[in-house]
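Worksheet: one structure, shown below.
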Amino acid sequence: MTTTRTTTTASTALPGGTWTLGDLTVTRFGYGAMQLAGPGVTGPPADRDGALAVLREAVRLGITHVDTADAYGPHVTNELIREALHPYPDGLHIVTKVGARRDADGGWPPAREPDDLRRAVHDNLETLGVDTLDLVNLRLGDATGPRPGSLATAYETLVELQRQGLIRHLGLSNATPEQIAEAETIAPFVCVQNLYNLAHRQDDALIDRLAARGVAYVPYFPLGGFTPLQSATLAQVAERHGVRPTAVALAWLLHRSPNILLIPGTSSAAHLRENVAGAGLALSEEDLAALDTIGGTRRTPQTP
């Protein structure tokens with residue numbers, strides 16, 4: 001395996017600028033690779049060449065944060081990333097996660113025993129073709145959401161792998177506030193990846209607390225879960241700007257807090273470019289006030 005890096009990524013300005021994950025500088029607008037696998041995040045994509053093209057377009061656009069997991073496929077998205085981008089450009093950082101596996105029915109059962117996590121880290125190293133993983137998120141809970149319980153044994157296993165030089169930085173995914181607080185007593189982490197969007201704002205206080213500590217927050221499902229009424233409000237703001245509702249939803253996340261990093265996924269290079277353009281939408285105070293009624297939480301003003 002090798003960590004050789006060659007050409008640099010493009011210098012194209014992306015919405016939101018950059019954020020520092022530990023000692024890694026990444027664009028706040030990133031790319032999530034999950035949709036590159038087949039239906040149900042299982043098996044290969046129908047259009048392999050198209051999947052490779054999306055990854056190369058992400059780098060061409062200047063994106064330096066690619067999110068993946070060896071469980072996607074399984075192995076499919078990591079292998080696509082390696083085929084499309086290895087040897088990796090200088091400045092490109094690949095974030096993966098461990099803590100779940102795939103079963104024969106396409107489910108996502110937890111896999112957080114020490115041996116499970118060691119195996120998953122080595123699988124990610126192999127499929128991505130690197131000696132050290134830039135950032136590994138510990139996935140907690142299950143497919144229905146976060147679940148209470150101590151993370152100590154699982155997190156300490158990753159800390160030990162970090163000490164061995166196999167992992168550069170740690171993060172948490174699908175975590176409860178109590179689990180995040182517990183992790184803080186064990187070892188530093190640089191990001192939290194939880195469900196959050198305009199309609200689901202249960203982590204508002206957490207986002208502000210993490211921002212004060214310099215820890216990134218990476219929302220998954222940034223465009224999902226709207227009721228018809230909420231969608232109508234979103235559509236009204238989008239119509240005012242002549243854009244799609246998805247553009248407004250992505251732009252709002254960048255406005256919400258400077259520590260929010262976006263990883264919207266797509267299997268289309270054209271859709272990727274559309275997402276980048278949409279996230280750069282400038283929202284007015286009138287827009288933000290209307291959008292705040294969707295989540296029912298008063299906004300904390302931030303500078304994007």
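Filter segment 226-262 down to the residues that are open to solvent by 20 Å² or more (accessible area, probe 1.4 Å) and in contact (Cβ under 8 Å) with a residue 60 or more places away in the chain, then identify the one that is farthest from Leu172 (Cα to Cα).
Thr233
Failed condition for Ala143, given (1) open to solvent by less than 40 Å² (accessible area, probe 1.4 Å); (2) at pLDDT below 95, with all others met?
(1)
Which one is nearest to Pro258 (Cα to Cα) among residues in segment 198-225 that are free of Cβ contacts under 8 Å to residues at least 24 places away in the same chain and in a loop (DSSP other than H, G, I, E, B)?
Here the answer is Asp203.
What residue, of Tyr72, Tyr31, is closer than 25 Å to Ile260 by Cβ and either free of Cβ contacts under 8 Å to residues at least 40 places away in the same chain or polar (S, T, N, Q) (or both)?
When all the criteria are applied, what remains is Tyr72.
Check segment 148-156 and report whether any residue there is assigned to a helix (DSSP H, G or I) and within 17 Å of Gly22 (Cα to Cα).
no
Is one or more of the residues making up segment 264-275 outside any helix (DSSP H, G or I), under 25 Å from Val190 (Cβ atoms) and not hydroxyl-bearing (Ser, Thr, Tyr)?
yes
Scanning segment 169-181 for residues that are over 19 Å from Leu117 (Cα atoms) and part of a helix (DSSP H, G or I), which turns out most open to solvent (accessible area, probe 1.4 Å)?
The qualifying residue most open to solvent (accessible area, probe 1.4 Å) is Glu178.
Going by the structure shown, is Thr7 open to solvent by 30 Å² or more (accessible area, probe 1.4 Å) and modelled with pLDDT under 95?
Spelling it out, Thr7 is indeed open to solvent by 30 Å² or more (accessible area, probe 1.4 Å) and modelled with pLDDT under 95.
The values are calculated or read from the model by the stated rules, or taken from the named source; none is laboratory data. If you're wondering where the values come from, they're calculated on a predicted model, not measured in any experiment. Glycine gets a Cβ as well: all are built from the backbone with ideal geometry, and neighbour counts include every protein chain shown. With ligands, DNA and RNA removed, areas are computed over all heavy atoms of the protein, side chains included. Shrake-Rupley method; radii C 1.70, N 1.55, O 1.52, S 1.80 Å.
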